[in-house]
Amino acid sequence: MKEIAPHIYASTEYPGVNVGFIAVPRGAIAVDAPTLPGDARAWRQRIMETAGGPILYVVLTDTHPDRLLGAGLLEAPIVAARAAYDHASAYTDGFWRGIVEGWTRRYPGAADGLAGVRIVLPEIVFTSRVTLRKGGMDVTVGGVAGAAPGSARLYLREQNVLFAGDTLVAGTHPYLAAAPDTQAWLKTLRTLRRARFSKTIIVPGRGPLCDQSATRPLSEYITLARRRVRSLHIAGLPRVDTATLVAELLPLFPVPDDERELIQRRIKAGLDRLYEELRLA
């Protein structure tokens with residue numbers, strides 16, 4: 001855990017997603033939650049000890065399963081965009097069994113905790129933005145076009161810190177499989193390259209802390225994927241042929257040996273989603 005600005009903390013140490021919190025006069029506002037149950041409980045304790053008070057809200061930058069799985073264990077009202085809530089509420093019991101089984105295979109030592117997880121959906125939802133006033137400090141969360149339905153970011157203007165969620169990931173393959181509109185996502189990334197964000201400390205959804213320069217490789221990746229998938233459409237090829245593009249995208253970000261198969265599946269799922277998006281365009 002690192003204090004990246006006065007009273008603002010972030011951690012990139014947990015498997016799954018990056019997390020953070022803002023210490024406010026009456027407690028803390030958490031941003032996202034560790035995926036594994038033991039990590040989520042430990043993070044909750046660290047937040048309360050550091051902030052000297054309870055967690056008042058848990059803000060989710062989207063409802064990707066890696067975020068939602070442990071969010072309820074922070075034991076505070078969960079805040080998310082309405083579209084994120086709608087997306088999460090459609091997850092079936094079978095879907096969650098698959099998620100738990102996947103994480104159990106990767107982290108067998110966490111099996112008991114994963115088996116007992118109860119999924120908690122957001123209880124405070126917003127359409128475009130919401131300002132959280134409880135706690136003695138106003139914190140505004142805004143919706144953006146990004147990697148998933150209901151993507152959101154938390155920008156603290158005075159401290160010049162941005163919690164970007166999966167709208168920006170650094171040094172790792174992005175999740176394209178749930179992206180509703182990759183063209184709009186590219187526009188969001190372009191806005192992060194404006195001068196007003198030139199000195200912003202960015203907490204990406206995954207990967208190391210970064211600045212606006214991290215938007216370029218991600219934009220290039222999405223642009224290349226769109227171009228290659230469009231070429232399949234032009235050639236009249238079926239969706240199954242997106243598999244031929246995986247090898248081209250795989251080297252663009254580092255791939256740990258033990259995650260190679262997982263990331264190949266991630267890329268393929270993203271290309272399939274792009275195929276459908278561009279087919280309907």
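Looking across Tyr107, Tyr175, one residue alone is open to solvent by 60 Å² or more (accessible area, probe 1.4 Å), over 14 Å from Ala30 (Cα atoms), in contact (Cβ under 8 Å) with a residue 60 or more places away in the chain and not acidic (Asp, Glu). It is Tyr107.
Evaluation of Gly236 against the conditions (1) assigned to a helix (DSSP H, G or I); (2) farther than 30 Å from Val79 by Cβ shows that the sole unmet condition is (1).
With the structure loaded, tell me whether Leu189 is of a type outside the set (Val, Ile, Thr), free of Cβ contacts under 8 Å to residues at least 60 places away in the same chain and either assigned to a loop (DSSP other than H, G, I, E, B) or in contact with a Cys (Cβ under 8 Å, 6 or more places away or on another chain) (or both) or whether it fails that test. So Leu189 fails the test.
Take the conditions (1) open to solvent by 10 Å² or more (accessible area, probe 1.4 Å); (2) in contact with a Gly (Cβ under 8 Å, 6 or more places away or on another chain); Gly205 misses just one of them, which is (1).
Within the range 248-261, the set of residues being in a helix (DSSP H, G or I), open to solvent by 50 Å² or more (accessible area, probe 1.4 Å) and touching a residue at least 12 places away in the same chain (Cβ under 8 Å) comprises Glu248, Leu252.
Is it the case that some residue within the range 270-281 is within 17 Å of the chain's Cα centre (by Cα), within 23 Å of Asp62 (Cβ to Cβ), touching a residue at least 60 places away in the same chain (Cβ under 8 Å) and in a helix (DSSP H, G or I)? The answer is yes; a qualifying residue exists. Name the residues in the range 138-151 that are touching a residue at least 60 places away in the same chain (Cβ under 8 Å) and farther than 14 Å from Ala184 by Cβ, would you? Once the filter is applied, which keeps residues that are touching a residue at least 60 places away in the same chain (Cβ under 8 Å) and farther than 14 Å from Ala184 by Cβ, the range 138-151 yields Val139, Val141.
The listed residues are Ser213, Ser219, and the only one of them that is of a type outside the set (A, V, I, L, M, F, W, C) and either within 27 Å of Trp103 (Cβ to Cβ) or open to solvent by 50 Å² or more (accessible area, probe 1.4 Å) (or both) turns out to be Ser213. Provide a single number: the residues in the range 5-57 that are over 19 Å from the mean Cα position of the chain (by Cα), assigned to a strand (DSSP E or B) and of a type in the set (A, V, I, L, M). Total satisfying the criteria: 6. Checking each residue in the range 66-98 for being surrounded by fewer than 19 Cβ atoms within 10 Å (Cβ to Cβ) and without any contact (Cβ under 8 Å) to a residue 40 or more places away in the chain picks out Glu75, Ser89, Ala90, Tyr91, Thr92, Asp93, Gly94, Phe95, Trp96, Arg97, Gly98.
The values are calculated or read from the model by the stated rules, or taken from the named source; none is laboratory data. Keep in mind the model is a prediction, meaning the values are calculated, not measured. Cβ atoms come from the backbone with ideal geometry, glycine included; neighbour counts cover every protein chain shown. The area values use the complete protein model at the heavy-atom level, side chains included, leaving out ligands, DNA and RNA. Shrake-Rupley method; radii C 1.70, N 1.55, O 1.52, S 1.80 Å.
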